Amino acid sequence: MMWPAIGLVIIVAAVLIVSRQPLLQPVFRWLPLPLWCYLLPMLAVAAGWLPAEQPGQPLYRTLTNLLLPFALGLLLLGVNLPAIMNTGLQAVAAALVGAIAIVCAAPVGAWLLQRQLPPDAWKGIGALAGTWTGGTMNLLALRSVLETPEAIFAPLIVVDALIAYGWMALLIGISGAQAPINRWLRAPAAAPHADMERVVRALKPPRGAVVLGALLALGLAASAGGLAGRLPTSQLVNSSSGWTVLLVTTGALALSFAPAIRRIGAAAGLLGYPCLYVVLAATGAQASLRALWSAPVWLLVGVWVVLAHGGALLLAGRLLRIPLGTLATASQANLGGVVSAPMVGAVYHQSLVPVGLLLAMVGNAVGTYLGLFSAALCRWLL
């Protein structure tokens, strides 16, 4: 297993290095890092540059099962859930409405297109709802919990990138029409978040806490793995690896309520995304290019979900008089995550940058649970 694992790490490291080159940053803005981390190993296996997964020798699956709980612990120990109230009730309401719309619209979309979708489509719906209420971390967590087949998971990666970043382009594009849209929303133009920078500065970790945070995450993953084998399985969680992911998620969030651990976790989170990208690369190495042929029908599901999401936000914005900038930032926090939500917020008002960051962080925390609920709802409908 050593050579495939080293090959995946090299691919991820190369993508991370190249993405930081100024000339190529526009490419990675619209074709994001997770997409490259998934597609390149898929292509490498298809070309024979990396060995394919063999029956009875689950090389890449083993790497995923070992590394994913550790990465989740690294990323979730630093989540500051109490800070969400500092974003203001309007921002929280917008993010909540947007998330509910995604969780409910995704199963309806699968029901409308059920003849074109595979029998296990409800597992893909759960993963899609999780990534659009949380992020890539939740997508990978739900793939493990629901055991989403690769034939379903592969097109979801493409759909996620196309829809999320296409929606981001739309949100940026309509920023020039803030005045008339805010008049229709009956909302004030200013964004009342002037003190948010202080909140975000409070989240910044002390130096030297990375090793301690990594040890905490490792201990949490090991404890969860030991307990997972004793828990009963069900149709939603039917493996010990799925239970491990859920236990790590819940345990890390519980620990994050302690300010000292939260500050340590914020430092250790620097390791979290590289580990997550390696997991994503291992997942891509298990996929087949043939699975991408089903992407168009999943793209239709995605378009339906994002239109329902946008309509729900506009309705909530008019009823609650929420400014367009707050609606757009909350929306991108749902669909995009911690990287793109602050970018969209900055287009509308500089004080919305930390709002987008905090909303996206909370989405990371709850996205796995919301995706599980959406999967259960979809399975009931189908």
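Worth pointing out:
- Estimated inter-spin distance, VAL210 and ALA222, nm [label 7 Å along Cα→Cβ]: 2.2 nm
- Each principal axis of region 208-274 carries a Cα extent, and these read 41, 24, 18 Å when sorted largest first.
- In this Cβ point-charge picture (+1 for Lys and Arg, -1 for Asp and Glu), the chain has a dipole of about 600 debye about its Cα centre.
- Förster-model FRET efficiency, 22 Å R0, ASP120 and ALA46, C-beta, rounded to 0.05: 0.40
- Nitroxide proxy distance, nm - points 7 Å out along Cα→Cβ at ALA376 and LEU66: 3.4 nm
- Placing R0 at 51 angstrom, the Cβ-Cβ distance between GLN235 and ALA179 gives a FRET efficiency of 0.50 after rounding to 0.05.
- Shape call, region 48-157: gyration tensor on alpha carbons, a/c limit 1.5: oblate
- Compared with the rule-of-thumb size 2.2 N^0.38 Å for a compact globular protein, region 290-357 has a Cα radius of gyration ratio of 1.32.
- Gain upon complete extension [SER19, LEU81; 0.36 nm per residue less C-alpha separation]: 19.3 nm
- Toward the positive end of the charge dipole of the chain, with +1 on the Cβ of Lys and Arg and -1 on the Cβ of Asp and Glu, the farthest Cα among VAL338, MET42, ALA141 is that of VAL338.
- Between helix 89-112 and the chain: long-axis angle, C-alpha atoms, 0 to 90°, nearest 10: 50 degrees
- Every helix of 4 or more DSSP H residues in the chain counts as -39500 (n - 2.57), and over all residues that averages to -25000 deg cm²/dmol at 222 nm.
- For region 144-176 and region 247-321, distance of Cα centres in Å: 10 Å
Every number in this text was worked out from the coordinates using simple rules, so none of it is lab data. Here the structure is a predicted model, which means the values were calculated and not measured. Reconstructed Cβ throughout: ideal geometry from the backbone, glycine too, with neighbour counts over all protein chains shown.
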